[in-house]
Amino acid sequence: MVNKTTFQDKLKTYLKHPGSFIMMLLVMLASFITFAVLIFLIAYILVNGVPHITPSLFSLEYSSENASVVPAFVNTIVMTLLSLVIAVPFGIFSAIFLVEYAKRGNKFVEVIRLTTETLSGIPSIVYGLFGMLFFVNALGWGFSLLAGAFTIAIMILPLIMRTTEEALKAVPDSYREGSFGLGAGKLRTVFRIVLPSAIPGVLAGVILAIGRIVGETAALMYTSGTVAQIPDSVFGSGRTLALHMYVLSSEGLYMDQAYATAVILLVLVVGINAISSVIARKLTTV
């Protein structure tokens, strides 16, 4: 029979240790404030945005009359996929090298980790200026989805590397030792035993990266441009949902449409997180 602590027992414990009681109150207060702020933001966006979601907002082409979000939505999906295709392989393979192949205490590994942490702290506007000078001007790509995708890929690369590295470190060494004991080589052990076990942690990093891609504006303003149309190719200019919302609000003429775009952006982020959670759960149970 499991012993359960009653409320009276907890109260007696807190009376004996007032510091624990104060700490519990502070923790509960912080949790409540965080939850209340989240609910307030979501409610504020929904109240101001839902009434302005009209059929014209989903027109196939943008115009000054409808302020359609469809081109921006398509550009957001394309930008997200391009950035992930570029950044995820580099991030995962770099983390595998740092955890599985590099010797502990290696100076080169320390330099890589220091560089990764430095890249994580650089403001997005700096990435945008770099992308404009290098991808847009030096390489001659112009304002394009491809220039924006490469810039965003550099931004999210440290995030994917760090989360993948921590996920690989969390895999018990007994998994590796068991695989080696059965005669498997290093490469097979990494890709058949270690990496599948770390998939939930890796996917968590990818989800965080997607959130940063979808919500980015400063870097894309200088690289992908602000054209409110679906480009013919990745070398064409186009704005994402977050940039679309920023442009509408900055002009001051489409505030209602900007709130409606915020609702769509919120639904998109929640949907991506929900789908990713389902995928992670299935991969874990397989």
Condition met for Ile112 (under 29 Å from Gly225 (Cα atoms) and among the β-branched types (Val, Ile, Thr)): no
Given (1) closer than 24 Å to Val278 by Cα; (2) surrounded by fewer than 19 Cβ atoms within 10 Å (Cβ to Cβ), identify the lone condition not met by Thr163. (2)
For segment 30-75, how many residues meet the condition of being open to solvent by less than 80 Å² (accessible area, probe 1.4 Å) and assigned to a loop (DSSP other than H, G, I, E, B)? 10
Could you please let me know if Val111 is over 23 Å from Ile207 (Cα atoms) and modelled with pLDDT of 85 or more? yes
Could you list, in sequence order, all residues of segment 128-140 that are aromatic (Phe, Trp, Tyr), within 15 Å of Ile86 (Cβ to Cβ) and open to solvent by 60 Å² or more (accessible area, probe 1.4 Å)? Phe134
Looking at segment 60-85, I want the residues that are charged (D, E, K, R) and have a partner that is open to solvent by less than 20 Å² (accessible area, probe 1.4 Å) with Cβ atoms under 8 Å, at least 6 apart or on another chain. Which pairs are those? Glu61/Ser68; Glu61/Pro71
Leu146 vs. criteria surrounded by 21 or more Cβ atoms within 10 Å (Cβ to Cβ), assigned to a helix (DSSP H, G or I), modelled with pLDDT of 90 or more and within 21 Å of the chain's Cα centre (by Cα): yes
In segment 242-286, how many residues are more than 30 Å from Ile199 (Cα to Cα) and out of contact with any helix residue (DSSP H, G or I) (no Cβ under 6 Å at 6 or more places or on another chain)? 7
Criterion: within 30 Å of Ala138 (Cβ to Cβ) and of a type in the set (A, V, I, L, M, F, W, C) - qualifying residue of Ala209, Ala274, Ala204: Ala209
Looking only at segment 111-127, which residues are among the aliphatic types (A, V, I, L, M) and either over 21 Å from Arg212 (Cα atoms) or open to solvent by less than 60 Å² (accessible area, probe 1.4 Å) (or both)? Val111, Ile112, Leu114, Leu119, Ile122
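The values are calculated or read from the model by the stated rules, or taken from the named source; none is laboratory data. Everything quoted here is computed from the prediction, not taken from an experiment. Here the Cβ is made from the backbone with ideal geometry for all residues, glycine too, and neighbour counts use every protein chain on show. In case anyone asks, the SASA skips ligands and DNA or RNA and just uses the protein heavy atoms, side chains included. Shrake-Rupley method; radii C 1.70, N 1.55, O 1.52, S 1.80 Å.
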